[in-house]
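Student: One structure, pasted below without further comment.
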Amino acid sequence: MAEHEEKKHEESLLDKIAEKIHGHDSSSDSDDDKPSESSIKDKVFRLFGREKPVHHVLGGGKPADIFLWRNKKISAGALGVATVIWVLFELLEYHLLTLVCHSLILVLALLFLYSNATTFINKSPPHIPEVQIPKDPVVEFAQALRFEVNRAFAVLRDIASGKDLKKFLSVIAGLWVLSIVGNWCNFLTLFYIVFVLLHTVPVLYEKYEDKVDPFAEKAMHEIKKQYAVFDAKVLSKIPRGPLKEKKKD
């Protein structure tokens with residue numbers, strides 16, 4: 001009897017161990033069947049097909065920090081300076097050369113009077129620092145500007161060659177819209193509007209991207225649908241080159 005009870009006890013222990021093993025395997029299988037959070041996030045639609053954060057899309061570094069208000073004092077200062085320039089030149093109709101001359105007259109007059117007044121009030125003359133434009137930032141800016149201009153020329157050359165009709169129509173539409181905007185306002189106002197948009201749209205998009213991206217996905221699907229209809233009815237009927245000769249049998 002004692003041996004029979006020991007065998008039953010051993011069998012029950014083996015059954016419990018087997019159940020635990022099978023339960024662990026099933027749970028691991030169910031975990032494997034579930035898609036990971038990273039794979040779900042990878043499938044989420046992002047505006048303009050971006051795969052990096054907004055900060056990286058803007059180039060990273062200090063410019064991206066300014067546009068995304070990482071340092072609120074610097075961002076507010078840059079926006080404030082742009083607003084003051086726009087008010088002076090656009091609303092008050094101040095001219096650049098006049099502003100520069102008046103500013104230099106005021107600064108030089110104050111420094112000249114203060115430097116001569118220090119001899120009468122027994123104070124040391126003001127220390128005027130030596131101002132020089134550094135070479136490296138200017139060279140880096142010139143190289144970056146040269147690269148962007150060359151890339152723009154390459155895109156325009158590619159469009160003019162007649163290889164991509166979709167890109168051609170997109171550029172023509174963009175230039176047409178830009179010409180209409182140019183009739184509404186001058187270059188300074190347009191530059192100020194773009195500057196304000198760069199300080200508002202990226203930070204708002206970064207904050208509400210989970211709500212903007214689904215709406216943008218629906219809009220992109222609708223645009224592609226309408227373009228497919230336009231391509232089938234209009235673009236496909238436009239001759240794009242000499243007709244190919246039929247192959248001889």
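The values are calculated or read from the model by the stated rules, or taken from the named source; none is laboratory data. As the structure is a computational prediction, the values presented were derived from the model and not from experiment. Cβ sites come from the backbone with ideal geometry, for glycine too, and all protein chains shown count toward neighbours. Accessible surface is based on the protein model in full, side chains and every heavy atom, while ligands, DNA and RNA are left aside. Shrake-Rupley method; radii C 1.70, N 1.55, O 1.52, S 1.80 Å.
Student: Here is the link list: K73/K224; K163/K225; K73/K167; K52/K218; K52/K224; K52/K166. Which ones come out longer than 30 Å on Cα distance?
Tutor: Values: K73/K224 42 Å; K163/K225 22 Å; K73/K167 40 Å; K52/K218 21 Å; K52/K224 24 Å; K52/K166 26 Å.
The pairs that break the limit, which is 30 Å between Cα atoms, are K73/K224; K73/K167.
Student: I'd like the accessible area for K225, computed on protein heavy atoms only with a 1.4 Å probe and all protein chains in place. Round to 10 Å², please.
Tutor: 130
Student: With a 1.4 Å probe and all protein chains kept in place, how much accessible area does F112 have, in Å² rounded to the nearest 10?
Tutor: Ignoring ligands and nucleic acids, F112 comes out at about 140 Å².
Student: Taking only the alpha-carbon atoms of the range 111-249, what semi-axes of the equivalent ellipsoid follow from 5 times the gyration tensor eigenvalues under a square root, in whole Å, largest first? Kindly include the intermediate steps, with their values, before the conclusion.
Tutor: Numbers: eigenvalues 616, 113, 48 Å².
Semi-axes (√(5λ), whole Å): 55, 24, 15.
Student: Moving on. Taking the Cα centre of the range 83-234 as origin and charging only Cβ (+1 Lys, Arg; -1 Asp, Glu), how large is the dipole, in debye to the nearest 20? Spell out each step's value before the answer.
Tutor: Details: 14 positive and 15 negative charges, 79 e Å.
Around 380 debye, computed over the range 83-234.
Student: With every protein chain kept in the model, how would you rank Y94, Y114 by accessible area, 1.4 Å probe, largest at the top? Kindly include the intermediate steps, with their values, before the conclusion.
Tutor: Numbers: Y94 75, Y114 105 Å².
Largest to smallest exposure gives the sequence Y114, Y94.
Student: Could you put Y208, Y192 in order of accessible surface area, largest first, with the 1.4 Å probe and the full protein assembly present?
Tutor: Values: Y208 100, Y192 40 Å².
Descending order: Y208, Y192.
Student: I need the shape label for the range 182-236. Rule: rounded when a/c is under 1.5, else prolate if a/b > b/c, else oblate, with a, b, c from the alpha carbon gyration tensor. Working shown, then result.
Tutor: On the way: a/c = 5.58, a/b = 1.37, b/c = 4.07.
Taking the square roots of the gyration eigenvalues as a ≥ b ≥ c, the range 182-236 is oblate.
Student: On to the next question. So how do C101, C185 rank on accessible area, 1.4 Å probe, biggest first, that is with the largest at the start? The partial results should precede the final answer.
Tutor: Numbers: C101 60, C185 30 Å².
My answer, sorted largest first, is C101, C185.
Student: Heavy-atom accessible area of R70 with all protein chains present, probe 1.4 Å, nearest 10 Å²?
Tutor: 120
Student: Cut-off 20 Å, label point 7 angstrom out along Cα-to-Cβ of L108: give me the residues of the range 126-166 whose amide nitrogen falls inside.
Tutor: 126-133
Student: Work out the FRET efficiency for K73 and R157 from their Cβ-Cβ distance, taking R0 = 25 Å, and round it to the nearest 0.05.
Tutor: Working: r = 44 Å, r/R0 = 1.74.
The computed FRET efficiency comes out at 0.05.
Student: Going by the alpha-carbon gyration tensor, a ≥ b ≥ c the square roots of its eigenvalues, is the range 59-105 rounded (a/c under 1.5) or, if a/c is not under 1.5, prolate (a/b greater than b/c) versus oblate?
Tutor: On the way: a/c = 3.19, a/b = 2.53, b/c = 1.26.
Cα axes put the range 59-105 in the prolate bin.
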